[in-house]
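Worksheet: one structure, shown below.
The values are calculated or read from the model by the stated rules, or taken from the named source; none is laboratory data. None of these values were measured; they are calculated from a predicted model. In this analysis, Cβ positions are derived from the backbone assuming ideal geometry, glycine residues included, and neighbour counts consider all displayed protein chains.
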Amino acid sequence: MTGQGATSFSHGLRDGSGATRRAAGVVAAALREGRGRANAAFDRLLPAELREVSEDYWTPIPVVRRVAAWLRAERVRTVVDIGSGAGKFGVATALLAPCHVIGLEQRPALVAEARALAALFGVDDRVRFEHGSFGVTPTPAGDAYYLFNPFVEYGFRSARYADAGVVFSEPARRRDVAAMRRFLSTAPVGTVVITYNGFGGDVPPSYGQMRVDLSFRGPLRLWKKQPRPARVR
């Protein structure tokens, strides 16, 4: 999409664009069938400003496919995406796995786009996006958490997504990473954590690494919280 067509597709949804919905159906089929160009096709449904940063900020479809396979194998019912951005991971995951997805994102403009994306693909019955900041907003409950560098700063060429109330800093990043470690440390046994290119800190030692894929641009790992070792008497 270029020029006038590059406006937010949430605007297109309000107009009831049948062509956009048909395009989403084609993309969903390509995604499910494992076609190699599904990633580029998916990105073409994003607004121009979000599409051009997709390679750096949004999870690639090949990674989503692997994560979805892991979620199915682990029988995950609800996965929470911390820092869900434009909603690409959440929507694509819902197309590939039978679980529910909850996204937590601190930029309201991105939350609006993610909700529109879920509606466009017809998965908004299993995907929801909440506006909030990790460590401030109550973290949604799930049996799995997905972390793709959620505490780093986004940069866009347009001010449309540069929400004035969202401020990034190194002290804030360190605070958020520490809060994530505390949160994971208190999560129930059996909690699954999937990291793609990490989250800025170490997964607590109570988690065992169960799966790993190093074939992507960044390492993809699945961790699972283990029962406490029995005390020696």
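Taken together, the criteria place V212 among residues that are exposed (fewer than 13 other Cβ atoms within 10 Å of the Cβ), within 20 Å of the chain's Cα centre (by Cα) and part of a strand (DSSP E or B). Across the stretch 75-92, the qualifying residues are those that are touching a strand residue (DSSP E or B) at 6+ places or on another chain (Cβ under 7 Å) and farther than 19 Å from G198 by Cα, and the one among them that is surrounded by the most Cβ atoms within 10 Å (Cβ to Cβ) is V91.
Can you work out which of the residues in the stretch 154-185 that are in contact with a Lys or Arg (Cβ under 8 Å, 6 or more places away or on another chain) and of a type in the set (F, W, Y) is nearest to S133 (Cα to Cα)?
Y154
Across the stretch 139-154, the qualifying residues are those that are surrounded by 20 or more Cβ atoms within 10 Å (Cβ to Cβ) and either touching a strand residue (DSSP E or B) at 6+ places or on another chain (Cβ under 6 Å) or β-branched (V, I, T) (or both), and the one among them that is modelled with the lowest pLDDT is P150. Listed by first and then second residue, the pairs with beta-carbon distance under 6 Å, at least 6 apart or on different chains, first residue in the stretch 107-126 and within 24 Å of V166 (Cβ to Cβ), second outside any helix (DSSP H, G or I) and aromatic (F, W, Y), are V111/F129; A114/F129; R115/F129.
Can you tell me which residue is surrounded by the most Cβ atoms within 10 Å (Cβ to Cβ) among those in the stretch 111-132 that are β-branched (V, I, T) and touching a helix residue (DSSP H, G or I) at 6+ places or on another chain (Cβ under 7 Å)?
The selected residue is V127.
S158 fulfils the conditions (1) crowded, with 18+ Cβ neighbours inside 10 Å; (2) in contact with a helix residue (DSSP H, G or I) (Cβ under 8 Å, 6 or more places away or on another chain) except for a single criterion, (1).
Among (1) under 21 Å from M180 (Cβ atoms); (2) free of Cβ contacts under 8 Å to residues at least 24 places away in the same chain, there is one condition A73 misses while meeting the rest; what is its number? Every listed condition holds for A73 apart from (1). For W223, the criteria (1) of a type in the set (F, W, Y); (2) touching a strand residue (DSSP E or B) at 6+ places or on another chain (Cβ under 8 Å); (3) under 30 Å from E49 (Cα atoms) hold in every case but one, which is (3). Applying the condition of being of a type in the set (D, E, K, R) and modelled with pLDDT of 65 or more to the stretch 10-22 and asking which residue is farthest from the chain's Cα centre (by Cα) yields R22. If we scan the stretch 179-200, do we find a residue that is in a strand (DSSP E or B), of a type in the set (D, E, K, R) and either without any contact (Cβ under 8 Å) to a residue 24 or more places away in the chain or within 24 Å of H100 (Cα to Cα) (or both)? For the stretch 179-200, residues in a strand (DSSP E or B), of a type in the set (D, E, K, R) and either without any contact (Cβ under 8 Å) to a residue 24 or more places away in the chain or within 24 Å of H100 (Cα to Cα) (or both): absent. Scan the stretch 126-134 and tell me whether some residue there is under 22 Å from R44 (Cβ atoms) and not aromatic (F, W, Y). Scanning the stretch 126-134 turns up at least one residue that is under 22 Å from R44 (Cβ atoms) and not aromatic (F, W, Y). Within the stretch 89-104, the presence of at least one residue that is farther than 16 Å from E153 by Cα, over 9 Å from the mean Cα position of the chain (by Cα) and not hydrophobic (A, V, I, L, M, F, W, C) is confirmed.
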